[in-house]
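Here, each number is a calculation from the coordinates, and none is a lab measurement. Source: prediction; values computed, not measured. When we count neighbours, we look across all protein chains shown, and the Cβ atoms used for this are built from the backbone with ideal geometry, even at glycine.
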Amino acid sequence: MVSQKQAKVEDSNFTRETIQLFNRHPGLLLTSAYAVVTFIGISYYYQYYRLFNIPILKLTDFSDILVAGVREPMVILMFLAALVTTLAYDKMIRVGARVQSELKQQEQTFSIRLRSLIVFAPKSNNVIYGLLVACLIFVLYFWIQILTSHRAEQILNGQANRVIIEKTDSKENKAEMILLGTTTNYVISFNPTTGESVIDTIESIVSIKPTKPKQVANAK
């Protein structure tokens, strides 16, 4: 006979219940999605700039935090990838609960008991919700680490587009840099020659222009 806790796990569905909740409260959907995307954006930028030893959180204003999740398209893709993975994990857990329930109703031979041990099925929804949150965080952390490391490696290897940054207080007045990003008050760049990160105020920048592509000599 199936226990009450087990039946509750089988009958419930986190994905369906969440969709029903957002259908009843569409404003909650927009608020939750915006909050999650903003959190992902902040985490992404923190890890990205940390690879260049830049304390980005000390350089950001509240307005920068509000748009952190929508300035970078990869943040939206990471959110969707993590969401799909979490929903698939929820589906897998529910299927496991139903399979385990069916196995308990059969004669408990050695093979049936072994299959019952292999099939993963938590006993309560609270455990499942905790696992789904952990899955979401893990997937997001994984993608943030992969994407930021790949982007930083390209910059460190000089494979990123360069710009000419003209400053008012520079002796050379112009410098060829790799633009890492900007905030409300700062321009953050990387010098591929010295391997140093540079933080300039917006007021000290005269212009930022893309470098001209190098012309390849025609083969004779």
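Things worth noting here:
- Full-stretch length increase - H150, Q105 - with 0.36 nm per residue and alpha-carbon distance subtracted: 11.1 nm
- Spin-label pair E196-L131: with each label point 7 Å from Cα along the Cα-Cβ axis, the two points sit 5.3 nm from one another.
- Per residue, the convex hull around the alpha carbon atoms of segment 33-104 comes to 110 Å³.
- Cβ-derived FRET efficiency at R0 25 Å, E203 paired with Y34, nearest 0.05: 0.20
- Distance histogram for segment 4-156 (every C-alpha pair counted, 5 angstrom bins, percent rounded to whole numbers): 1, 8, 14, 15, 15, 12, 10, 8, 7, 5, 3, 1, 0, 0
- For segment 163-210, the Cα-based Rg and Dmax, in that order, read 9.7, 27 Å.
- Between the beta carbons of F62 and R98, assuming R0 = 41 Å, the FRET efficiency works out to 0.30 to the nearest 0.05.
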